[in-house]
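The values are calculated or read from the model by the stated rules, or taken from the named source; none is laboratory data. Please read these numbers as outputs of a predicted model, since none were measured by experiment. We place every Cβ from the backbone using ideal geometry, glycine too, and count neighbours over all the protein chains shown. Note: areas computed on protein heavy atoms with side chains; ligands, DNA, RNA excluded. Shrake-Rupley method; radii C 1.70, N 1.55, O 1.52, S 1.80 Å.
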Amino acid sequence: GAWDDRGAYTPNILAHKGKYYHAYTGLKGPFIKKYCQASIGLAVADSPDGPWKKLNNNPIIRPTDSFDAPDGFLCDDTVFVVKDQKIWLYYKGYAKGSDPKTGQAMRVRGTYLLLAVADKPEGPYAKHGKILHRGHEAVVWKNPDGSVGSFCTGHGPAVYYESKDGVNFKAMNPIIRQKAIGVYRADFEEGNPGAKPAWGISAMNNREGLGLRRIEIQWPE
């Protein structure tokens, strides 16, 4: 009967000031894909081994109850960035539509990269409200100069985006499209100011078989 009783997926863990914060997307049953809304929750532990305790203010990010909002139906794919002494929570949103046959709320195809910011990992988080760029997945990191990088690999152009202020993103370079990409985050290392990712993993498509593969990332000079 809880808000996340049907499933939990797309996790991201932030190590911050001696604690570990585990964000995840949660679904409430019954599960029917095009009708099932999702929110983002958070659990905390003193060690990566747990035990993990859910926060009382969960979910920390809920869909905005509006047909005009880019996250009016679903919030997903949490990515933490520690920037300007605040916690920047990037996430992916789906807009809300109406099923022409039943009138029931349903998700609209297409995703957007969105942002919420808090003074501490536990929140509360204030949504920025602006669409940063469209596309899928949410793959975000901090560069050494404090700018924020983002890969878009689906539901939009396959492009590397960059933002000096973490909000206004500019398309920089085309990239080879990947499925369910994830990158190694140097800025998650203690004391590391960040770096453009050099490697990651992605899912193989059905023609290649099932599984994960390592990808190498080459940056133009």
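Structure data summary
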quantity: Loop-located trypsin sites (Lys or Arg not before Pro) in region 22-53, at most 11 other Cβ atoms within 10 Å (DSSP); calculated: Lys33
quantity: Estimated FRET transfer efficiency when R0 is 35 angstrom, pair Leu210-Asn173 (beta carbons, to 0.05); calculated: 0.75
quantity: Region 127-221: C-alpha gyration tensor shape, a/c 1.5 cut-off, then a/b vs b/c; calculated: oblate
quantity: Heavy-atom SASA rank of Glu190, Glu221, Glu208, Glu162 (probe 1.4 Å, accessible area, largest first); calculated: Glu221, Glu190, Glu208, Glu162
quantity: Area accessible to solvent at Trp219, 1.4 Å probe radius, in Å²; calculated: 70 Å²
quantity: Cut-off 13 Å between beta-carbons: net charge of the residues surrounding Ala158, Lys and Arg +1, Asp and Glu -1; calculated: +2
quantity: Spin-label pair Ala198/Ala180, simplified geometry with 7 Å Cα→Cβ offset, distance in nm; calculated: 2.7 nm
quantity: Compactness of region 49-144 - radius of gyration and Dmax, Cα, Å; calculated: 14.8, 51
quantity: Distance between modelled label sites at Ile131 and Asp49, nm, 7 Å Cα→Cβ extension; calculated: 4.7 nm
quantity: Cross-link table Lys19/Lys54; Lys53/Lys96; Lys33/Lys170; Lys19/Lys170; Lys92/Lys179, entries beyond 25 Å C-alpha to C-alpha; calculated: Lys53/Lys96; Lys33/Lys170; Lys19/Lys170
quantity: Over 20 Å [Cα-Cα, region 37-93], rounded percent; calculated: 37 percent
quantity: Charge context of Pro59, other residues only, Cβ under 11 angstrom, K/R +1, D/E -1; calculated: +2
quantity: Contour minus Cα-Cα distance for Tyr9 and Asp84 (0.36 nm per residue); calculated: 24.2 nm
quantity: For the chain: accessible area per residue (Å², 1.4 Å); calculated: 54 Å²
quantity: Net charge, Asp5 excluded, C-beta distance under 14 Å - Lys, Arg +1, Asp, Glu -1; calculated: +2
quantity: Heavy-atom accessible surface of the chain: percent carbon and sulfur, 1.4 Å; calculated: 53 percent
quantity: List Thr102, Thr10, ordered by accessible area with a 1.4 Å probe, largest first; calculated: Thr102, Thr10
quantity: Value in Å of the Kirkwood radius, where the chain supplies the Cα pairs that are averaged; calculated: 18.1 Å
quantity: Probe 1.4 Å, all protein chains present, accessible-area order of His155, His133, His128, largest first; calculated: His128, His155, His133
quantity: Stokes-Einstein D in µm²/s, Kirkwood radius over Cα pairs - region 147-193 at 4 °C with 1.567 mPa s viscosity; calculated: 109 µm²/s
